[in-house]
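> The following block contains the structure, expressed as C-alpha cells.
The values are calculated or read from the model by the stated rules, or taken from the named source; none is laboratory data. Note that the structure is predicted; figures quoted are calculated from it, not measured. Using ideal geometry, Cβ is built from the backbone for each residue, glycine included, and neighbour counts are taken over all protein chains shown.
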Amino acid sequence: MREILPTILRPLVITIALTLASIGTEAGELKMSYNSDWPPYSAGVGNEVKGILPALMTEIVEKHMGMTVAHHGYPWKRAQRAVEMGQLDAFVTVPTDARLSYADSSKETVYTIEMHPIVAAGSAAEQKISAAPVPSTLRSLRVCEILGNGWGKRFAAQNDITPIMATKVASCLRMVAKGRTEVTVQALAVANQQISGEGLENQLSILPIQFGQMNFTLLLSKKSAHGQAFLQKFDRTVKAMLADGSYSKIVHRLRTGGAK
C-alpha cells in the first residue's frame, strides 16, 4: 500500500501545485512552464526546476524587462496543458500549429537547439556520415530515436528513415556504444551532458555536422493576462540584446555550465 499510494497521489499533488501557481502569484508576475525531465534545458518539479531555459528567461524577463518571473516544472504533457488552460502564462518551445491554436508566439527566437549525429568513435558509421554529411546517408544505418521526440519523428518521416525506438537519450547512447544501433541524432547540449553522465566520452563521438535545429520562441497563452503588449516588449528586449551582444554572452555562459 505504501508503494501504491504515492503513485495514486502524484497527479493530485501536481494539480494542486498548478492551482496554487495560477492563483498564488503577483499580478505582474510571468508564470513559466517547463519540462521537468529535459536536462540541461530544464529539470526539476515545481519551483525546483532549473536549467538553461529557466536561467535564460530570468535573464531576459527579470534583468532586462524588470518583471518578476516564476518557474514551474511538470511532466511535458502537463506543462503544455497548463499553458493551454491558462493556469501558467507561457513556455519556451517550437511554435507548432497545435500550440499556436492556444498560444501566441514571440517573433524573436529565444533559443536555438542544434541537432547533431552521435556515433561510436572510429566506427564505419562515423566514416560514412563524415564522407556524406546529409540526412539521406542515415537510411542505410541503424538509427536510434527517442519516443515522444517530435523533431525526431518529423526528421525520420521527411528523410525516409525507419528508426529503432528507445525511451531515453541515455538508452540510445548506450545502444550506439554497444553496436546495437549505429547513430542517434540528438540536441547538442543534451548529448554532451548524457555522454558525460554515462561515462561514454571515449566510446562516442558527436560529429560536427548539424542535421537540423529547433528554433524555440516564447509561447504566451491566449488566456494569459499579459497579452500582446508583453509579447511586443519581449521582442524589443530580445532584439536589443542581440544587437548589443548581451544575448550571445548569456547563452555562451549557460551552455558552458552557468545554468545551475
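> Every residue in the range 215-248 that is on the phi < 0 side of the Ramachandran plot, exposed (fewer than 12 other Cβ atoms within 10 Å of the Cβ) and either free of Cβ contacts under 8 Å to residues at least 24 places away in the same chain or β-branched (V, I, T) (or both), please.
A229, A243, D244, S248 - these are the residues of the range 215-248 that are on the phi < 0 side of the Ramachandran plot, exposed (fewer than 12 other Cβ atoms within 10 Å of the Cβ) and either free of Cβ contacts under 8 Å to residues at least 24 places away in the same chain or β-branched (V, I, T) (or both).
> Restricted to the range 41-52, and to residues that are in contact with a helix residue (DSSP H, G or I) (Cβ under 9 Å, 6 or more places away or on another chain) and of a type outside the set (F, W, Y), which residue is nearest to K233 (Cα to Cα)? Break it down stepwise before answering.
Pass one, the range 41-52, residues in contact with a helix residue (DSSP H, G or I) (Cβ under 9 Å, 6 or more places away or on another chain): 41-42, 44-47, 51-52.
Applying the additional criterion that residues be of a type outside the set (F, W, Y) yields 42, 44-47, 51-52.
On the way: S42: 24, G44: 29, V45: 29, G46: 27, N47: 25, G51: 24, I52: 22 Å.
Taking the candidates together, the pick is I52.
> Has the range 32-45 got any residue that is surrounded by fewer than 20 Cβ atoms within 10 Å (Cβ to Cβ), on the phi < 0 side of the Ramachandran plot, touching a Leu at 6+ places or on another chain (Cβ under 6 Å) and not in a loop (DSSP other than H, G, I, E, B)?
Checked the range 32-45: no residue is surrounded by fewer than 20 Cβ atoms within 10 Å (Cβ to Cβ), on the phi < 0 side of the Ramachandran plot, touching a Leu at 6+ places or on another chain (Cβ under 6 Å) and not in a loop (DSSP other than H, G, I, E, B).
> When both residues are 6+ apart or on different chains and their Cβ atoms are under 8 Å apart, which pairs have a first residue that lies in the range 48-69 and is under 14 Å from S246 (Cα atoms), and a second that is crowded, with 17+ Cβ neighbours inside 10 Å and among the hydroxyl-bearing types (S, T, Y)?
L56/Y111; I60/T237; H64/T237; M65/T237
> So S196 ticks every box in (1) buried (at least 19 other Cβ atoms within 10 Å of the Cβ); (2) farther than 29 Å from M85 by Cα; (3) among the hydroxyl-bearing types (S, T, Y) but one. Which box is left unticked?
(1)
> Identify the single condition in (1) surrounded by fewer than 17 Cβ atoms within 10 Å (Cβ to Cβ); (2) over 30 Å from L218 (Cα atoms) that T167 does not satisfy, given that it satisfies every other one.
Condition not satisfied by T167: (2).
> Of the conditions (1) under 20 Å from Y41 (Cα atoms); (2) acidic (D, E); (3) not assigned by TED's automatic domain parsing to the domain that holds K31, E126 satisfies every one except a single condition; which number is it?
E126 satisfies all of (1) under 20 Å from Y41 (Cα atoms); (2) acidic (D, E); (3) not assigned by TED's automatic domain parsing to the domain that holds K31 except (1).
> Can you pull out the residues in the range 80-99 that are without any contact (Cβ under 8 Å) to a residue 12 or more places away in the chain and either in a strand (DSSP E or B) or farther than 16 Å from K31 by Cβ (or both)? Explain how you work it out, then say what you get.
Quick first cut of the range 80-99, residues without any contact (Cβ under 8 Å) to a residue 12 or more places away in the chain only: 81, 97-98.
Answer for the range 80-99, where residues must be without any contact (Cβ under 8 Å) to a residue 12 or more places away in the chain and either in a strand (DSSP E or B) or farther than 16 Å from K31 by Cβ (or both): D97, A98.
> Within the range 79-98, take every residue that is aliphatic (A, V, I, L, M) and more than 15 Å from N215 (Cβ to Cβ) and give me the one that is surrounded by the most Cβ atoms within 10 Å (Cβ to Cβ). Break it down into steps so the answer makes sense when it comes.
Taking the range 79-98 first, the residues aliphatic (A, V, I, L, M) are 79, 82-83, 85, 88, 90, 92, 94, 98.
If we keep only those that are more than 15 Å from N215 (Cβ to Cβ) as well, we get 79, 82-83, 85, 88, 90, 98.
Working: A79: 25, A82: 23, V83: 25, M85: 13, L88: 28, A90: 25, A98: 11.
Looking at residues that are aliphatic (A, V, I, L, M) and more than 15 Å from N215 (Cβ to Cβ), I get L88.
> Now for a separate question. Give me the residue from the range 214-255 that is under 20 Å from the mean Cα position of the chain (by Cα) and outside any helix (DSSP H, G or I) and, out of that set, nearest to G152 (Cα to Cα).
M214
The rows are residues; the columns are (1) over 20 Å from the mean Cα position of the chain (by Cα); (2) crowded, with 17+ Cβ neighbours inside 10 Å; (3) not basic (K, R).
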position: L100; (1), (2), (3): no, no, yes
position: V110; (1), (2), (3): no, yes, yes
position: M115; (1), (2), (3): no, yes, yes
position: I118; (1), (2), (3): no, yes, yes
position: Q127; (1), (2), (3): yes, no, yes
position: P133; (1), (2), (3): yes, no, yes
position: C144; (1), (2), (3): no, yes, yes
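> With a cut-off of at least 3 residues that are modelled with pLDDT under 95, name the helices (runs of 4 or more DSSP H) lying wholly within the range 125-211.
Details: elements: 150-158, 169-177, 188-198.
Where helices (runs of 4 or more DSSP H) fall fully within the range 125-211 and carry at least 3 residues being modelled with pLDDT under 95, they are 150-158, 188-198.
> What's the number of the only condition in (1) surrounded by fewer than 21 Cβ atoms within 10 Å (Cβ to Cβ); (2) within 26 Å of R253 (Cβ to Cβ) that P75 fails to meet?
Looking at each condition in turn, P75 falls short on (2).
> For S196, state whether it is under 20 Å from the mean Cα position of the chain (by Cα) and either more than 26 Å from N149 (Cβ to Cβ) or not assigned by TED's automatic domain parsing to the domain that holds A79 (or both).
Numbers: under 20 Å from the mean Cα position of the chain (by Cα): yes; either more than 26 Å from N149 (Cβ to Cβ) or not assigned by TED's automatic domain parsing to the domain that holds A79 (or both): yes.
Here the answer is yes, as S196 does meet what is asked.
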